[in-house]
1. Here's a check for you: in the stretch 30-86, which residue that is of a type in the set (Asp, Glu) and assigned to a loop (DSSP other than H, G, I, E, B) is nearest to residue 118 (Cα to Cα)?
2. Out of the stretch 52-63, which residues are surrounded by fewer than 18 Cβ atoms within 10 Å (Cβ to Cβ), touching an Asp or Glu at 6+ places or on another chain (Cβ under 8 Å) and closer than 18 Å to residue 37 by Cβ?
3. Since residue 92 meets every condition but one in (1) under 15 Å from residue 31 (Cα atoms); (2) surrounded by fewer than 18 Cβ atoms within 10 Å (Cβ to Cβ); (3) acidic (Asp, Glu), which condition does it not meet?
4. Please determine, by comparing only the residues of the stretch 108-120 that are of a type outside the set (Phe, Trp, Tyr) and either open to solvent by 80 Å² or more (accessible area, probe 1.4 Å) or free of Cβ contacts under 8 Å to residues at least 60 places away in the same chain (or both), which one is nearest to residue 56 (Cα to Cα).
5. Specify which of the listed residues (72, 27, 37) is modelled with pLDDT of 95 or more and among the small types (Gly, Ala, Ser).
6. Out of all the residues in the stretch 79-89, which are crowded, with 16+ Cβ neighbours inside 10 Å and either at pLDDT below 95 or out of contact with any Cys (no Cβ under 9 Å at 6 or more places or on another chain) (or both)?
Amino acid sequence: MKQIISLLLSLFLIVTFSGCHNSVDTGDMPPMIDMYGQKYVAPNMPVNELPQGYTYLGELSKEQANGTGLEGCKMYAVTELDSIPDFYLYQECGTPIDDNTVDSEKIQWAYVQWIKVKAE
């Protein structure tokens, strides 16, 4: 249970202090990106290297950024798939200090994975 709470807190800190431009207050909901009619969230820690197989898609538009302040960030995805289950944004974010914690005072540029939200 502690790990889940720690992971959720880390996610909150990552998203709160991430962005290519100004941060936006998202209230109680986690920030979501809306791309091609699908919603995406960023539950994982940032990484310094883009995983193999991901290629440049373009820059995130203001509409796709959906109020997150991430418009203009570079997007990367596996383009050989029929759909996009996840993609990476190269964005400003906090620095991981261990497996479950991000230091939001130490800002860096890294790749953040955004994963498609499953429809309920």
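The values are calculated or read from the model by the stated rules, or taken from the named source; none is laboratory data. Everything numeric in this text was worked out from a predicted model, so none of it was measured. Note that each Cβ is placed from the backbone with ideal geometry, even for glycine, and that neighbours are counted across all protein chains shown. Note: accessible area is taken over every heavy atom of the protein model, side chains too, but ligands, DNA and RNA are not part of it. Shrake-Rupley method; radii C 1.70, N 1.55, O 1.52, S 1.80 Å.
1. 82
2. Matches in the stretch 52-63: 61, 62, 63.
3. (2)
4. If we take residues in the stretch 108-120 being of a type outside the set (Phe, Trp, Tyr) and either open to solvent by 80 Å² or more (accessible area, probe 1.4 Å) or free of Cβ contacts under 8 Å to residues at least 60 places away in the same chain (or both), then 118 is nearest to residue 56 (Cα to Cα).
5. Testing whether each residue is modelled with pLDDT of 95 or more and among the small types (Gly, Ala, Ser) leaves just 72.
6. 84, 86, 87, 88
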